[in-house]
Each structure stands twice: as structure tokens, then as C-alpha cells.
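Below: one structure, written as C-alpha cells.
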Amino acid sequence: MGARILVLWCLLILAALAQAERPPHELYDALNALRADPSAIYPIVPSNHIELRRGDAVLSFEEGRLAFFAPLDGRISGAVFSGRAHILAIPREPVEKQQMGLFVGAPVLDQEFISAYIRFTDGADAELMEQFRKAGTAPQTDASFRFQWETATAQLNRIHTIRIVLDVLSHHSKPYFYAALEGAATGPFDVFLDGERHEQFAMGQYRKAEGLSFYDIWTSHPVQDFPPFREAFRGLHYTVDTSILPGNSLDATASIRVRAETDSDRVLLFPLSRLLTVDKIVDEQNRALDFFQNEGMNLEEINLRGNDAVYVVLPEAPSRGREFTLQIHYHGNVIQDAGNGVLFVGERDLWYPRLGDTADFATYDLIMRWPRKFRLVATGAKMDEKEDGEFRVGHWKSENPISIAGFNLGDYATASFNSTGHSVDVYANRELEAALRKRLDTSESSALIGLSSRRMTGAEGPSLPSTLSAQAPPSPADALKQLGKEIDSSIRFYETFSGPFPFRSLSVSQIPGSAAQGWPGLLYISTFSFLSPEAQQKAGLSKSSQEHFTELVPYHEVAHQWWGNIVGWSSYRDQWINEGIANYLAILFADTKKNPEHTLHVWLERYRKQLTQKPADASRSAGDLGALTLGTRLSSSKSPGGYQEVIYAKGTWVFHMLREMLRQPASKNPDARFTALLNTLVTKYAYRALSTADLQHEVEAVMLPAMDLEGGRSMEWFFEEWVHGAGIPHYRVEFTTHHAENGFLIRGKLYQEGVPRSFIASVPLYSGGAGHGAFLARVTAAGPETSFHFVTSSPPHKIVIDPQMTLLCTTESGEMK
Ligand SMILES: [Zn+2]
């Protein structure tokens, strides 16, 4: 009876503790200060080994000591281990096995580790305690063990405490498990099982390569027995009131209308540049709210979670569907000076606090105040702009929901081009950024002569040395107009594939460096795209880079007005779709200019080479790095440029192959089906995410019978091979010719290499000869070797594989045996 009373008394104490909740910062500090409990050290011997199963991984602690963290308010949230242990992790998905192989040398992780730091809110302590109890293991006391772990614990707590705070404050069950393991073969690596992530299970490692830091993700995927992750809050409307002060720092207030999407969450996560400092966050009653900014951020977190972050703690969890407004005051400097008066917004997607991901569309009011000497451009329709002393004040309002808002400013020259239904306004700096100016200056002085009349920008005209004026550069306004005109003609070209241009105006603004982005109604275009080929060459660009910046970059970004800004993407797994479509359309537009050096086939050939040729210093070609659905994971310590190399080249080819398969050459509009597909995507997936599965579904809705290689009106084979799979096939053919009654009987074999045995493709064969020769037959390659036969009227001396470039592959033509 006495024992029972004691238990009840303990429960009452716990209940009392739960009611008197610690203030968030006190909770954070207390959790952060937790260390291994010197009196809770459990010895592990091989005969009584301890095991934890999380996601795909089994952690076996075979010999050594495990110490639990001291409890806080009755909760144990961590443990540390030193000794001998083992991890076995077997990813199920082929794409994840392939990545595991890339990083650890085998599709299965099977490795010893010698230490572990573990944090959790998922009851791992009870699971471990139960195993110790069954084994009859009693805790020991050893103060030195805690001491050994002091430095590592202090460092790692800083990163993981905020996630524990999140769980303690929100009364939901999105359990967290994290283990930092010291691998015998790989060095330190991480195991995550986190209910706050879309892909709850992940393993990976921080590594350096080519002077850059990477977080290599060995595997990442959703876990079946977890409920699918959903964002707890949605941003409905943003009013961002920003003052840009002399010196370019900014001072801003963002008022954000938010809707609760669950009943249990009370912590909101806003990505925001760490260069900005949050001063205060208040609710509708003007009550100051607790928040955490940049707590525990390191590179791993930035890679896994995206960006610098602000966590806002509400006094209690609002009920589902409730709407409320938060006001966030912040200041700092995200505007960088590239020299010669060239400014740019460095942290373009982090200059204001924004909820959710790239597929969360909301409406915006941007109120900007900036030094009068600059011009400022922003997303949305400009409602008004006026002078206010030394400043200008403007108001931009989104016409439709947008997933991101931005601005750019500078001492711009500008030109406008009015078209039916929209205007194009081009803004370029009058001066070159310092780094580029220096590169051009150190080349011979003739460097700048090359600014062609066609692609001249306002930037260079007025600053040309007078000795070069004999070249009589055209007026900057003319040049800007020309670029505006070309951009406008790309808009009209894209409208046939993607429907009406979605904005009333498009502002085309220049940014220093080589980056470019296409935001809703606002393009950020690299200075390189504004330079003539001669100036580009002097600046050190290769021939193909020059063509990339001149022929593709501005138009690729224009295509994003539909593909990215109307049709959204949410997961990194689906980012390839909008990039692939935008780039393919840009190439089709470049093809319309009828420059024989830049036909569609020239670009396709360039991308094919990029995918299939193995660079001397690489272990594999870009085409073998991994699937399109790996997105940004393709850039890793193994392949720093992997994302760029694979997504654009292969993504473009995938849409080219789809177009070729949907083509009906005999009909009045051979591309009608491809166009219908793109139009459907734009209308059906407007202002929301388009996933890879959605895309497959929509392709299946318009597919032709010849595309049904597997039967069942399914494009599964295509998506498995080209989107979820890696590898580019290589084909060669052998054949014999015999006289037959009605002509010549051709018998032969088609050999397929470089792809899995299950890979199938419809391969067109042509007779060699003048031009591309004549079409002979289509052979469905199935596996490494496919026999074929067909009858022709005249005997081919040679068989050429897919000379029209309808299939991403490398080939050898076959001579008659
Ligand atoms: Zn893009």
C-alpha cells in the first residue's frame, strides 16, 4: 500500500510540473545544459548486447558503456555511448541503394562505430532501459565518463536542443531520433528519424571537397509507419514594409496572416537570413512572443532544413483553421555592394520571413522605401511610387498568388517595351561590377570594343574609355530595348506552349556574377548575359559558356514565369520538372532564331556529351551520378557540380524525348499533344506543386499507343528508367542481309549497355548514307541483346541508330557482317 501511495504522489508531482511549464528560453537553456548522468552509466557486454531499430537502420551496441542524460522535468532526451558497436542499414528503394553505393561503396551500410551521441523524443530511453532491465544490468557511477563526453555533448547539444524544445512545447507526436556515430571506416556520420521532415529517415555526413563544404546525403526517404508530414501553419498574406537606409542596411516589419493547419502545434518556423536580426515579434494584441533565431544552426542543418531560421513560440496551440497575424520586426544588411556602385540583394530568398516551401503561394503587399538616387524593382504590380525627401517610397501588390517576393535595386539605365497584354522593362547597371571590370581591364584595352549593338547593356556604354569611342557604341537605351524585344518574342513563343503570360509586366534586372533567377514578374539576370561575345571571352568565358549566357539564360528565366511561378514544386525530388521544361523551351526558342550553329540538335548534343563523357578527374560520368529525382542531392563531395550537370542536361532530354514520342508528323500540328500536355500542367497545377507522379499521370493521359512499351497504358517504364533511374544506354547493332521474295531480309542484334538489364526503349534504325538515310524499323530493346528482323526493298550497307536524336543514348553504327 505504501508503494502505491508513493507512485501516486510521484504522478501528482509530474502533473504539477507539466502545469507549471518552463518559459521557452528557460527550457532551451536547461535542455542545452544537459549532460550524461554520471550515476546512470550502463555497462554493455557482448552476451547482452543492446539494439535500437530506427527506419532502415539497426544500431547494435555490443561492448562498452552507455550513459543516459540527466532527466529534465522527468524526461530523458539523450544518451552517449563509447565502445564497440555496429550499424546495418539497408535502403529499400533502388535509387537510395545506388546513392548508398556512391557514398559508402556498397548499397548496404554495414559498419562498426566506436561512439554515439543520441538525442530523442521518441521513447528511446524506455526502449533501452527495458533491454538493460531484461539483461539484469544495473547502472554504475563514474564521473570521468561524463567528463570524457563534456566537449562533444556541449557542441552537439547546441544543434539538437531546439528540435527537442519544439517537441516539448508542441503537444504533438512528431518524434525525433538523432544519432551522431563515429564510423570506423567513414568517420563521423548521422542517422535521423524525424517526424518534422517530409522524408523522416535520413543518413549522411558532412564532408569537404574542392574547398567547399557539402552535406552528403547517403539516403533519405519517408518511413511507412509515420503519418505523412504536413506543415503546421500556412502563410496567407504578407505585408512587408521595408526601409533601405543609406549604407544599404534595411529595417523592416513583416505582417503575416497565418492559418493553423493542425490543432497541436505552437511553434512556427520562418527561414530568414542570419544577416538579419529579429528585434521583436508581436501578436494581434501587440503581445511580445518568444522566439529563437539561428539557434544551433550549422551546415548540416542548413543542408537538411534549407536555411537560417527563426522559431516563433505561440502562447498556446491555436485550433485548426484559426487565422491570426504576426508582426516581425527585423533589421540588418542583405544588400551587397559589388563595387562601382553595383548593388544586389545577396540573400534573395531570405530577406523576409516566409512560411512553408516553394509551393506555398500567398498574396503580397511590398512597401519599399529607398535612397532616392537608386531605382528599385520588385515583384508584383506597382501601385504607386513617390518621392519623400531623400527617399522614394513605392508599393507593389501581387496580382495573383506568388510563392516568393523579391526586389532589386541599382543605378539603372532602363528601357521599356510594350506588347499586347504586358510590358517588358529592362534594368541594367550603368557600371560593371568591380570584379568583372578588373578582369576586362587586365585584358587588352580592346576588350570593351566588343560590346555588340545587339546585346549591349546600359552598363558599359557611358563608362567606355574615350579612346574606344570611335567604335561608336549605340545608346544604352537602344540596347536595352533590343533585349526587351527579344525577351518579349520569347514570351510570345512560350505562350503557345504554356498559355497566356501570367503577369502584367516583366522586370528584367541585372545581378553581378554568374547566377540567374526567374521570380514572379521579376528576372535576375547575370551580367554575363548582357555582354557581347567578345567581352564575355575577355572575361574568361568559354565558347559554350558564352552561348549559355547569351542564348539560354535570359530565356530560361522567362520560361520560369510559368514553370516555377505558376506551376510550383515542393519536394527537391520534383524540382527537375520545372527546370527541365524551362530549359527545353529555352532551347526550342533558341532554335527559332535559325542560327545554324545553335540548332536544337547542337544543344542536345552538348547535353548528351555532358552526360556521357567521363571527366578525367571523375569516377563516373554525370549520367551515372544518380536519378533526376535526387535533385540537389546530386551535388555532393563526390560531384560538386552534380545538380547543374544532371538536372539541366537530362531534364531537358527527358522533355525532348516526351515531345518526340508525342509527335504526330503527319498531322497539321505535329506538336499538338506535347502542347496540350504543357497547357494541362499549367492550368491544372496552377499555384500548387506538380509532382513527378502527377507528371507521369498527365503524360499517360495523352500518350500514343506506340509509347505503351509495357502495355496497360502506362509510362511507368519511361519514368523508372529516365527519371527514377541513372545511366544512359549505349547501343550498337550487328546485322546480315539475305534476298527474300519481296525484297531483302535483314536479321540482326541490337546490343544495349550502360543501363540495368530491365531497361527497355524503342530504338529507331536508319540506313546509313547521304543525310540521315532512310527509316528502316523500330526495335524495342529489351535487355543487353535483342534480336530483330525486317524486310526492306533495298539492302542497307550500314545501319545507323537514331540519327534524328529522339532518344538519349550513345551509339555505334553497324556495318553489314
Ligand atoms: Zn532554372
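What are the residue pairs meeting all of these: first residue in segment 537-557, first residue part of a helix (DSSP H, G or I), second residue away from the ligand (no atom under 16 Å from the Cβ), Cβ atoms under 6 Å, and 6 or more apart or on different chains?
Listed by first residue and then by second, the contacts come to Lys538/Leu440; Lys538/Ser443; Lys538/Ala447; Gln546/Pro533; Gln546/Gln536; Glu551/His598.
Please state which one of Ala70, Ala33, Ala18 is modelled with pLDDT under 90, among the small types (Gly, Ala, Ser) and under 23 Å from Ile162 (Cα atoms). It would help to see each step written out before you state the result.
Values: Ala70 fails: modelled with pLDDT under 90; Ala33 fails: modelled with pLDDT under 90.
Result: Ala18 is the single residue among Ala70, Ala33, Ala18 that is modelled with pLDDT under 90, among the small types (Gly, Ala, Ser) and under 23 Å from Ile162 (Cα atoms).
Looking only at segment 677-713, count every residue that is over 23 Å from the mean Cα position of the chain (by Cα), in contact (Cβ under 8 Å) with a residue 60 or more places away in the chain and outside any helix (DSSP H, G or I) and tell me the total.
Residues flagged as over 23 Å from the mean Cα position of the chain (by Cα), in contact (Cβ under 8 Å) with a residue 60 or more places away in the chain and outside any helix (DSSP H, G or I) within segment 677-713 amount to 1.
Among the residues of segment 502-516, write down those that are in contact with a helix residue (DSSP H, G or I) (Cβ under 8 Å, 6 or more places away or on another chain) and either more than 11 Å from Phe344 (Cβ to Cβ) or more than 16 Å from the ligand (Cβ to nearest atom) (or both). Break it down stepwise before answering.
From segment 502-516, those in contact with a helix residue (DSSP H, G or I) (Cβ under 8 Å, 6 or more places away or on another chain) are 506, 508, 510-514, 516; that's our starting set.
Listed by number, the residues that qualify are Leu506, Val508, Gln510, Pro512, Ser514, Ala516.
Here's the yes/no breakdown for (1) at pLDDT below 95; (2) more than 27 Å from Leu678 (Cβ to Cβ); (3) assigned to a loop (DSSP other than H, G, I, E, B):
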| site | (1), (2), (3) |
| --- | --- |
| Val602 | yes, no, no |
| Asp617 | yes, yes, yes |
| Leu630 | no, no, no |
| Gln644 | yes, no, no |
| Ala649 | no, no, no |
| Thr652 | no, no, no |
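Restricting attention to strands (runs of 3 or more DSSP E) lying wholly within segment 459-534, give those where 2 or more residues are open to solvent by less than 50 Å² (accessible area, probe 1.4 Å), at pLDDT 85 or above and not hydrophobic (A, V, I, L, M, F, W, C).
Details: elements: 505-511, 517-519, 522-526.
Counting at least 2 such residues, we get 505-511, 522-526.
Restricting attention to segment 525-535, and to residues there that are of a type outside the set (Gly, Ala, Ser) and in contact with a Phe, Trp or Tyr (Cβ under 8 Å, 6 or more places away or on another chain), which single residue is farthest from the ligand (Cβ to nearest atom)?
Within segment 525-535, the first condition is being of a type outside the set (Gly, Ala, Ser), and the residues that meet it are 525, 527-528, 530-531, 533-534.
Then keep just the ones that are in contact with a Phe, Trp or Tyr (Cβ under 8 Å, 6 or more places away or on another chain); that gives 528, 531.
Numbers: Phe528: 16, Leu531: 20 Å.
Filtering segment 525-535 for residues that are of a type outside the set (Gly, Ala, Ser) and in contact with a Phe, Trp or Tyr (Cβ under 8 Å, 6 or more places away or on another chain), the one farthest from the ligand (Cβ to nearest atom) comes out as Leu531.
Residue check: is Glu710 at pLDDT below 95, surrounded by fewer than 17 Cβ atoms within 10 Å (Cβ to Cβ) and away from the ligand (no atom under 16 Å from the Cβ)?
Working: at pLDDT below 95: yes; surrounded by fewer than 17 Cβ atoms within 10 Å (Cβ to Cβ): yes; away from the ligand (no atom under 16 Å from the Cβ): yes.
Taking the combined requirement at face value, the residue satisfies it.
Tally the residues that are without any contact (Cβ under 8 Å) to a residue 60 or more places away in the chain and part of a helix (DSSP H, G or I), restricting the search to segment 395-446.
Number of matching residues: 5.
Residues in segment 212-231: is at least one at pLDDT below 90, surrounded by fewer than 22 Cβ atoms within 10 Å (Cβ to Cβ) and more than 30 Å from Ser319 (Cβ to Cβ)? Before you say what the answer is, go through the steps one by one.
From segment 212-231, those at pLDDT below 90 are 212-213, 224-231; that's our starting set.
From what is left, the residues that are surrounded by fewer than 22 Cβ atoms within 10 Å (Cβ to Cβ) are 212-213, 224-231.
With more than 30 Å from Ser319 (Cβ to Cβ) added as a condition, the list becomes 212-213.
Looking for residues that are at pLDDT below 90, surrounded by fewer than 22 Cβ atoms within 10 Å (Cβ to Cβ) and more than 30 Å from Ser319 (Cβ to Cβ), one finds at least one in segment 212-231, hence yes.
Any idea how many residues of segment 248-273 are outside any strand (DSSP E or B) and either free of Cβ contacts under 8 Å to residues at least 24 places away in the same chain or of a type in the set (A, V, I, L, M, F, W, C) (or both)? Write out each step before concluding.
The initial filter retains those residues of segment 248-273 that are outside any strand (DSSP E or B), namely 248-249, 261-266, 272-273.
With the extra rule that they be either free of Cβ contacts under 8 Å to residues at least 24 places away in the same chain or of a type in the set (A, V, I, L, M, F, W, C) (or both), the set shrinks to 272.
Of the residues in that region, 1 qualify.
Considering only residues that are in contact (Cβ under 8 Å) with a residue 24 or more places away in the chain and of a type outside the set (D, E, K, R), which ones fall in segment 601-611?
Here is the first cut: in segment 601-611, the ones in contact (Cβ under 8 Å) with a residue 24 or more places away in the chain are 601, 603-608, 610-611.
Listed by number, the residues that qualify are His601, Trp603, Leu604, Tyr607, Gln610, Leu611.
So, Phe189, is that one among the aromatic types (Phe, Trp, Tyr), within 22 Å of the chain's Cα centre (by Cα) and modelled with pLDDT of 90 or more or not?
Numbers: among the aromatic types (Phe, Trp, Tyr): yes; within 22 Å of the chain's Cα centre (by Cα): no; modelled with pLDDT of 90 or more: yes.
So Phe189 does not fit the description; no.
Kindly establish whether Gln537 is modelled with pLDDT under 95, touching a strand residue (DSSP E or B) at 6+ places or on another chain (Cβ under 8 Å), of a type in the set (S, T, N, Q) and open to solvent by 10 Å² or more (accessible area, probe 1.4 Å). Give the derivation first.
Values: modelled with pLDDT under 95: yes; touching a strand residue (DSSP E or B) at 6+ places or on another chain (Cβ under 8 Å): no; of a type in the set (S, T, N, Q): yes; open to solvent by 10 Å² or more (accessible area, probe 1.4 Å): yes.
No, not satisfied.
Kindly indicate which of Leu52, Leu102, Leu88, Leu27 is in contact with a Leu (Cβ under 6 Å, 6 or more places away or on another chain) and either open to solvent by 60 Å² or more (accessible area, probe 1.4 Å) or outside any loop (DSSP other than H, G, I, E, B) (or both). Before you say what the answer is, go through the steps one by one.
Working: Leu102 fails: in contact with a Leu (Cβ under 6 Å, 6 or more places away or on another chain); Leu88 fails: in contact with a Leu (Cβ under 6 Å, 6 or more places away or on another chain); Leu27 fails: in contact with a Leu (Cβ under 6 Å, 6 or more places away or on another chain).
After applying the criteria, what remains is Leu52.
Residue by residue, here is whether (1) touching a helix residue (DSSP H, G or I) at 6+ places or on another chain (Cβ under 6 Å); (2) farther than 11 Å from Thr652 by Cα; (3) surrounded by fewer than 24 Cβ atoms within 10 Å (Cβ to Cβ) holds:
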residue	(1), (2), (3)
Thr550	no, yes, yes
Val553	yes, yes, yes
His556	yes, yes, no
Ser570	no, yes, yes
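The values are calculated or read from the model by the stated rules, or taken from the named source; none is laboratory data. None of these values were measured; they are calculated from a predicted model. Note that we place each Cβ from the backbone using ideal geometry, even for glycine, and neighbour counts take in every protein chain shown. Areas reflect the complete protein model, heavy atoms only, side chains present, ligands, DNA and RNA absent. Shrake-Rupley method; radii C 1.70, N 1.55, O 1.52, S 1.80 Å.
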